Each structure stands twice: as C-alpha cells, then as structure tokens.
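Written below as structure tokens is the structure these notes are about.
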Amino acid sequence: MDSFDFIVIGAGSSGCAAAGRLSENGAHSVLLLEAGGRDRNPWIHVPAGYAKIYANPALTWGYATEPSPGLNGRVVFTPSGRVLGGSSSINGLVYIRGQREDFDAWRRDGAEGWGYDDVLPYFRKSEAQQHGADAFHGADGPLSVSDAAGRDELCRAFVESATAAGFGFNRDFNGAGQEGFGYFQVTTRNGRRVSSATAFLSSTRNRRNLDIRCSAEVDHIIVRDGRACEVAYAAGELLTHVRARRAIVLCAGGINSPAILQRSGIGRGEWLRAAGIDVVHDLAGVGSNLHDHVQARLALRSRRLPTLNSALRSVGGKLGMALQYALFRRGPLACAAGQAGGFARSRPGLERPDVMFIYLPFSSADYRKGLDPFSGFSVSASQLRPESRGEVRVASADRRQAPMIQPNFLTAEIDRATLLRALRLARRVLSSDPIRSEIAREERPGVDVESDDELLAYVRETAASIYHPVGTCRMGGGPDAVVDPRLRVHGLDGLVVADASIMPSIVSGPTNATAIMIGEKAAALLLG
Ligand SMILES: Cc1cc2nc3c(=O)[nH]c(=O)nc-3n(C[C@H](O)[C@H](O)[C@H](O)COP(=O)(O)OP(=O)(O)OC[C@H]3O[C@@H](n4cnc5c(N)ncnc54)[C@H](O)[C@@H]3O)c2cc1C
C-alpha cells in the first residue's frame, strides 16, 4: 500500500491551498485525491464560461436538495464543483472575505485563533492583489485578485444610483469596512479565471513530493484504535487503499465532507444506524448546522442599453464577443457573473450590514434554460447571515447514492423578514437615477407585487441558493462541534477537516476567499 505523510481529500478551494502549502517545503510527501477530472474544459478558464459550466454534469456533483418547506416544497439545485479546483473552477469568481465581526464571533464561540486579526495574515498570504499590498491586502501570493472587467453602462448606473439613494460608495469591500456599493474584485488574471488549482497547483508540476490523483473518488476513511490511518478510494470499479503517516486532511466541501465522514462511520449514531452504517465514532454534529445564502432576484427590462441577453441573441454579437476576448481578453466573455453590488443594513439599529446585492448583466427565469428574450439585467438580494439551519445525511454507505441535503431555507422568521427588506432596498436603488431612466419595467416580480404577502409568495416560488453551503463540520467546542480550533476531529487522531464545512457560521459574503484561507491556515497548523 502507498503511504504518504499527508493525504488531502478533495482538490477544491481549500484542498488545493492545503496541498500546495503542505508540499511547498519539500519535506513531506502529500497525496491529493480528487473525484473529478483535470480542469481541461476551456470554458472553465473564461470568466463568462460560468454559465456553460456551473450546471455541467461532467464538472459538478449535480446535487439537489430535498423538498424545501420554506420554498413551497421546491427542490433546489445545488451545484458543487467536481473537477480539479472544485467549486473555485465553476464559481462566479467574486472575491469577498466577509466582515471582521464574522471571524471575531467564531473566536468568541470557541474557535480560538480564528478571529479577524488571526485570519487576516492568511488572506494576505494567498493574495496577489492587482493594486498592490497594504494593511488588508497581499501582493505576493498565488491567488490573483483583480477588478472585475467589462463594467457596462448599466452597471455603472446601478452603482451611481445606489450612492444617489444614500448608500455610500465603497472602493474596497475587503478593506476597512464592507458597507456601501461599488465594483467587485474577482479571482482572474489577464482576463482568465484563477481557480484554487491554478493558483496553488500550477507551480507544483516538478514537485516530486506531491502526487495528484484525479478521477479518484474517496469511498471512506479507515479508523484503527482511535486513529484515522487509511483512505479507500475508487479509481474505476476497484477500491485502492492508501495510508497516511501524519494526517488525513478532509477538504471535500460543505456537502461531501460530512458525507464521507458518515460513510466512514463517523457521525450521529442514530443517523448512521438508520443508513445501515456501523458506528465507528459517535459524533453528533457531523452533517448538522447546514446553512447557505438564499437569493431572490429582481429582473429588469432595459429601455435602450443592450445587456448580455441581447449580445447573445445574434450571431454577430457572439462573434464580436469571441473576437474581443480572443484578441484583447476583454468584452462580455471576460466578465464574471457579478460585476458590482453592495452591502447594507436593512433596518435602523443594526451595527453592520445584514444584506448583500449583486448586479448581474443578464436576466433569466431559469439560468439552466437560457436567458430572457429581451435586453434584461438582474439584481440579486440576499441576507448575509441566515439563521435557518438544516442537515446533510447519507442514506446508505453507497457513495453512488447522493446525500440527502435539507437546508430548511427561510424557515426562520428573521430570514424571511430580512430578505423582504433587502428586496425593498434593491427597489429603492432601482428607482433612483441614473438607473431609473434606463429601466423600461420591472419584469419579475413586477411592481404590482408590493405587499409583504405578495413579495413573500414570489420569494417562496423563485428564491434559490447562491451555492455557499457551510457549517456541516462545525469548528469549536460544545456537543455539536466536529473539529477543534486546530481542525482536528474531536475524539480521533490523525483526521483534520479543512474546508467550508468547518465554518461555525457563514461569513457575510460569498465563501470562496474564506475557504481558501481555511486551506492556507490548515496547512500552517499541520506544519506547525
Ligand atoms: C456555482 C457556484 C458559484 C459560486 N460563486 C461564488 C463566487 O462568485 N464567489 C465566492 O466567493 N464563492 C462562490 N461560490 C462558493 C465557493 O466557490 C465555495 O464556497 C468554495 O469553493 C468551497 O470550497 P471547498 O474547498 O469547501 O469545497 P469545493 O471547492 O467544492 O471542493 C471540494 C472538492 O472535493 C472533491 N470531492 C468531494 N467528494 C469527494 C470524494 N468523495 N473523493 C474525492 N474528492 C471529492 C470535489 O470534487 C471538489 O473538488 C460558488 C459556488 C458555486 C458552486
């Protein structure tokens, strides 16, 4: 059996950072196991290729939730990358870290060493900031962070209208404060996506101590005498066993990390027995505390300005876009899904923003079915720190059976109320000039949908995840915690979880930057 110092499971945002850093000094042998294939699909590397890949069954796990009681029993599409780079290879590229208070709350709740001042050095370490280093940003890391390309006129009008409506302009959402509206930064370099794989693995080709095995789906982890020591993975039909001398580092993401633990007999005894799995280590929190950002969108018809909808409708438009991108790495193909947005307090008396807005240069009733047949754009509104909690549970030990995902979206009253306030704030921005004069009408839900009941009915019928599942292997103390602040699974030796699943509570913003920070810090903790 092959053996390694560290076996990292999952080459996603966290896993690539962890494996890259663990193998950097050449002193340790590292095996990185990834269920998906290499990141060869060309659309992965084109920012606007997002639309072509995020639902592609060859590149994603293609999960869906159980019927969601807060969303009229709808099943919600839950993509997650299954390819080198994981979700960072298919995501919307927006780079946001969250708020200082998010991390300080983690530390207060038992995650010693994870307060904002503790994690900032790891964010800075990863980063290659386009505008250079300062107190908040790093310039020497492998992860390029650049201004979002291709701001169109509507995008600029949106940001100007937000400031006209009194929200304030923010130059740097990852700087001193998050509040205000402005332009996003994204993980791109020279008009191409920078995934965690591009950032942390592309320089490792000649590293003989790092073995990267793709199309290697981990079945389970083997525990002997209280120590996790082996990993069984499927390459084709056969299971291969590999041994870890120092640690197994589980980085399979918010859905699959708890699923792998449960398949290995590590989890809540009652759930495991119900799935026909022998209990190896009874750990109640595995798979609980699932939460995610929910978005509701307003779709607007543009009065005169073209949007991505119109550009994509004509052959000439598509050709022009392709040429612009091929020759100059500019134009709509160089655009990430989210170009601009903002963070605001949805009611007086709050100490910090509780809602987020994203301007999207296109509109669609269902992205998987195509864009609207008119020049449209959208504004997405979401609550930053939802309180609804759900769970991830495997139904059996068979890895080919998808886990049951029940996020219980919008079951907490405060989540519903905050989302409705967010939609009203979005309308306030849209009814301010200059964007107001550019809107022919609000297509969805339409201005007639006005009362709380009507708006809530719209939300229940249309709201969706923004694909940030976290919390299912919660870090901290207490009966529901899965890992300690050094990311070691409580009660076992040799097993660490390091990915979005360890967030005790979701950060105030998209989760990729934080997942990468977690991989960075995990490697430092393991090497330290
Ligand atoms: C469509 C989409 C859009 C998003 N947009 C943004 C955005 O714009 N900005 C932002 O900040 N965040 C965004 N996110 C969220 C962000 O990308 C994720 O939070 C982050 O990538 C999670 O990192 P992770 O390492 O926890 O998991 P992942 O990056 O998902 O990595 C997990 C890896 O483990 C592998 N794996 C799983 N199970 C196994 C197994 N059994 N064996 C071997 N390997 C396995 C997976 O294939 C995957 O490669 C988006 C996510 C999605 C899906």
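The values are calculated or read from the model by the stated rules, or taken from the named source; none is laboratory data. Nothing here was measured: the structure is a model prediction, and the numbers come from that model. Cβ atoms come from the backbone with ideal geometry, glycine included; neighbour counts cover every protein chain shown.
For ALA48, state whether it is at negative phi and in a helix (DSSP H, G or I).
Working: at negative phi: yes; in a helix (DSSP H, G or I): yes.
When the stated conditions are applied, ALA48 passes them.
For residues that are among the hydrophobic types (A, V, I, L, M, F, W, C) and part of a helix (DSSP H, G or I), scanning just segment 307-325, find the one that is farthest from ARG156 (Cα to Cα).
First, the residues of segment 307-325 that are among the hydrophobic types (A, V, I, L, M, F, W, C): 308, 311-312, 315, 319, 321-323.
Those still in the list that are part of a helix (DSSP H, G or I) too: 308, 311, 315, 319, 321-323.
Values: LEU308: 15, ALA311: 18, VAL315: 27, LEU319: 25, MET321: 20, ALA322: 23, LEU323: 24 Å.
Once the filter is applied, the top-ranked residue is VAL315.
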So in segment 214-238, with the set limited to residues that are free of Cβ contacts under 8 Å to residues at least 24 places away in the same chain and closer than 19 Å to GLY37 by Cβ, which one is surrounded by the fewest Cβ atoms within 10 Å (Cβ to Cβ)? GLU237
Could you list, in sequence order, the residues of segment 457-488 that are within 16 Å of the ligand (Cβ to nearest atom) and outside any loop (DSSP other than H, G, I, E, B)? ALA464, SER465, VAL470, MET475, VAL483
So the check is Cβ under 7 Å with 6+ separation or different chains; which pairs have a first residue in segment 2-14 that's assigned to a loop (DSSP other than H, G, I, E, B) and a second one that's aliphatic (A, V, I, L, M) and within 6 Å of the ligand (Cβ to nearest atom)? GLY10/ALA252
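Any idea which residue in segment 489-528 is farthest from GLY20 (Cα to Cα), counting only those that are touching a helix residue (DSSP H, G or I) at 6+ places or on another chain (Cβ under 6 Å) and away from the ligand (no atom under 11 Å from the Cβ)? Don't jump to the end; show me each part of the working.
Taking segment 489-528 first, the residues touching a helix residue (DSSP H, G or I) at 6+ places or on another chain (Cβ under 6 Å) are 497-501, 504, 507-508, 511-512, 515-523.
Now restrict to residues that are away from the ligand (no atom under 11 Å from the Cβ): 504, 508, 520-521, 523.
Details: PRO504: 25, SER508: 27, GLU520: 9, LYS521: 12, ALA523: 9 Å.
Going through the qualifying residues, I end up with SER508.
Listed here are the residues, each with its yes/no results for (1) under 30 Å from the mean Cα position of the chain (by Cα); (2) over 30 Å from GLY331 (Cα atoms); (3) crowded, with 16+ Cβ neighbours inside 10 Å; (4) among the small types (Gly, Ala, Ser).
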site: ARG273; (1), (2), (3), (4): no, yes, no, no
site: GLY276; (1), (2), (3), (4): no, yes, no, yes
site: HIS281; (1), (2), (3), (4): yes, yes, yes, no
site: GLY285; (1), (2), (3), (4): yes, yes, yes, yes
site: SER288; (1), (2), (3), (4): yes, yes, yes, yes
site: HIS293; (1), (2), (3), (4): yes, no, yes, no
site: SER302; (1), (2), (3), (4): yes, no, yes, yes
site: LEU308; (1), (2), (3), (4): yes, no, yes, no
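With respect to ARG304, determine if the residue is at pLDDT below 90 and part of a loop (DSSP other than H, G, I, E, B).
Working: at pLDDT below 90: no; part of a loop (DSSP other than H, G, I, E, B): yes.
So ARG304 does not fit the description; no.
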Answer with yes or no whether LEU71 is away from the ligand (no atom under 13 Å from the Cβ), farther than 18 Å from ILE255 by Cα and in contact with a Lys or Arg (Cβ under 8 Å, 6 or more places away or on another chain). yes
Please go through segment 100-125 and give me each residue that is part of a helix (DSSP H, G or I), of a type outside the set (Asp, Glu) and touching a residue at least 60 places away in the same chain (Cβ under 8 Å), ordered by number. PHE103, ALA105, TRP106, VAL119, TYR122, PHE123, LYS125
Which of the residues belonging to segment 49-68 are buried (at least 20 other Cβ atoms within 10 Å of the Cβ) and more than 13 Å from the ligand (Cβ to nearest atom)? THR65, SER68
Unmet requirement for ALA133, which otherwise passes all of (1) in contact (Cβ under 8 Å) with a residue 12 or more places away in the chain; (2) in contact with a helix residue (DSSP H, G or I) (Cβ under 9 Å, 6 or more places away or on another chain): (1)
Restricting attention to segment 15-24, which residues are in a loop (DSSP other than H, G, I, E, B) and surrounded by fewer than 24 Cβ atoms within 10 Å (Cβ to Cβ)? GLU24
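Among the candidates SER382, SER396, which residue alone is within 15 Å of the ligand (Cβ to nearest atom), over 15 Å from LEU298 (Cα atoms) and not acidic (Asp, Glu)? Step through it out loud before you land on a result.
Numbers: SER382 fails: over 15 Å from LEU298 (Cα atoms).
Only one candidate passes the filter, namely SER396.
What about ARG82, is it more than 25 Å from PRO407 (Cβ to Cβ), basic (Lys, Arg) and touching a residue at least 12 places away in the same chain (Cβ under 8 Å)?
On the way: more than 25 Å from PRO407 (Cβ to Cβ): no; basic (Lys, Arg): yes; touching a residue at least 12 places away in the same chain (Cβ under 8 Å): yes.
Spelling it out, it is not the case that ARG82 is more than 25 Å from PRO407 (Cβ to Cβ), basic (Lys, Arg) and touching a residue at least 12 places away in the same chain (Cβ under 8 Å).
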I need every pair where a residue in segment 25-36 that is in a loop (DSSP other than H, G, I, E, B) and within 16 Å of the ligand (Cβ to nearest atom) has its Cβ under 9 Å from the Cβ of a residue that is of a type in the set (Asp, Glu) and modelled with pLDDT of 95 or more, sequence separation at least 6 or different chains. GLU34/GLU217; ALA35/GLU217; GLY36/GLU217
Only one of these is within 15 Å of the ligand (Cβ to nearest atom), among the basic types (Lys, Arg) and within 17 Å of the chain's Cα centre (by Cα): ARG21, ARG97. Name it. ARG97
